[in-house]
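Data first, discussion second: the structure below is written as structure tokens.
The values are calculated or read from the model by the stated rules, or taken from the named source; none is laboratory data. Computed from a predicted structure; not experimentally measured. All Cβ positions, glycine included, derive from the backbone under ideal geometry; neighbour counts span all protein chains shown.
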Amino acid sequence: MSKKLIRFDWAIKRLLRDKANFVVLEGFLSELLFEDIKIKEILESESNQEIDKDKYNRVDILTQNSKNELVIIEIQNTYEIDFFHRMAYGVSKAITENLSLGQAYSEIKKVISINIVYFDLGQGKDYIYQGKTNFEGLHQKDVLQLSSKQKKTFTKLNVSDIFPEYYIIKVNSFNDVATDTLDEWVYFLKNSEVKDEFKAKGLAEAKEAFDIMRLDKDQHYAYNRYLDYLHVKASDALSLQLEAEDKAKQDRSIEIAKIMLSDNEINEKIAKYTGLTVEQIELLRLEK
């Protein structure tokens with residue numbers, strides 16, 4: 001029987017910084033990117049600093065793989081309407097921070113932005129999305145390609161291989177049915193469990209490294225604080241949603257009431273169709 005493990009978003013800031021645990025991150029990236037990924041190092045960056053006021057709101061890590069590419073892994077637990085903009089900012093910052101003064105533009109590192117979100121980001125039916133940059137002709141509809149010399153110079157096959165690449169995993173949209181090894185990882189991200197039959201790269205190591213029983217006293221306390229924070233944020237988000245729904249309903253009732261007032265309907269009838277009190281309707285009548 002599978003057991004509950006430490007959440008990936010907490011572990012990524014702490015346990016996965018240990019080089020001994022790189023195999024877990026490498027497994028996840030290999031399954032997502034469909035190639036064997038080796039992490040060279042965890043880079044020092046602003047996003048990797050654990051600032052007290054920010055350590056719960058932002059869960060992200062910047063790594064460099066053996067192909068000299070930058071990999072940003074960012075996890076967001078609560079709704080942010082401008083999260084797409086945040087993705088763009090994070091990639092832009094990673095590019096500029098890692099291009100030294102005087103370096104040629106050809107030295108810009110490829111950035112892969114992996115975003116694990118626990119809310120419904122945008123509108124779509126899938127739970128994993130990939131974004132690349134291609135240039136399509138307005139008239140011929142052809143995709144712009146690298147020249148032979150550019151391919152040899154930059155060791156890239158396509159223009160899109162130079163530009164940032166984005167992945168979005170909408171964890172809550174996953175139906176808990178794992179049909180392949182990538183799905184096994186998504187199941188783990190959602191449920192913090194690794195089923196005995198799972199074979200995905202890195203999950204066996206995660207099952208061992210993320211065992212709650214392995215945490216020392218201070219780690220256990222910090223982890224419980226993090227879980228408490230997530231509960232509070234979830235309650236706050238639900239409260240805001242309910243408030244917004246109530247306000248929308250109230251606004252609609254007032255709109256209907258104003259229309260009925262213009263038709264000289266009596267207060268009691270307006271109250272029946274809108275749910276407003278007679279006192280509220282009288283105030284609207286006075287405003288009118």
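What tally of residues in region 164-190 results from selecting those that are surrounded by fewer than 16 Cβ atoms within 10 Å (Cβ to Cβ) and over 18 Å from Leu29 (Cβ atoms)? Show your work before the answer.
If we filter region 164-190 for residues that are surrounded by fewer than 16 Cβ atoms within 10 Å (Cβ to Cβ), which is where we start, we get 172, 175-177, 179-180.
Next, only the ones that are over 18 Å from Leu29 (Cβ atoms) stay: 172, 175-177, 179.
Here the count works out to 5.
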For this session: Tell me, yes or no, whether region 116-126 has at least one residue that is at pLDDT 95 or above and either assigned by TED's automatic domain parsing to the domain that holds Leu32 or closer than 24 Å to Glu26 by Cα (or both).
Result: yes
Seminar exercise, completed: Requiring at least 1 residues that are outside the structural domain of Asp36 (by TED's automatic domain parsing) and of a type in the set (D, E, K, R), the helices (runs of 4 or more DSSP H) wholly within region 182-288 are 217-262, 267-274, 278-287
Problem set entry | Selection status of Asn158, out of contact with any strand residue (DSSP E or B) (no Cβ under 6 Å at 6 or more places or on another chain), over 26 Å from Asn21 (Cβ atoms) and touching a residue at least 12 places away in the same chain (Cβ under 8 Å) | yes
For this session: Find the residue count for region 207-239, including only residues that are of a type in the set (Gly, Ala, Ser) and at pLDDT 85 or above.
Result: 2
For this session: Return the pairs, sorted by first residue and then second, in which the second residue is assigned to a loop (DSSP other than H, G, I, E, B) and of a type in the set (Ser, Thr, Tyr), the first residue lies in region 62-83 and is touching a residue at least 12 places away in the same chain (Cβ under 8 Å) and closer than 21 Å to Leu16 by Cβ, the beta carbons are less than 6 Å apart, and the residues are 6+ apart or on different chains.
Result: Leu62/Ser45; Asn77/Tyr118
For this session: Looking at (1) part of a loop (DSSP other than H, G, I, E, B); (2) within 24 Å of Phe84 (Cβ to Cβ); (3) touching a Phe, Trp or Tyr at 6+ places or on another chain (Cβ under 8 Å), find the lone condition where Lys125 falls short.
Result: (3)
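Quick check on Leu261: is it under 33 Å from the mean Cα position of the chain (by Cα) and surrounded by 16 or more Cβ atoms within 10 Å (Cβ to Cβ)? Walk me through it before giving the result.
On the way: under 33 Å from the mean Cα position of the chain (by Cα): no; surrounded by 16 or more Cβ atoms within 10 Å (Cβ to Cβ): yes.
In short, no.
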Problem set entry | For Tyr129: the one exception among (1) surrounded by fewer than 15 Cβ atoms within 10 Å (Cβ to Cβ); (2) without any contact (Cβ under 8 Å) to a residue 40 or more places away in the chain; (3) aromatic (Phe, Trp, Tyr) | (2)
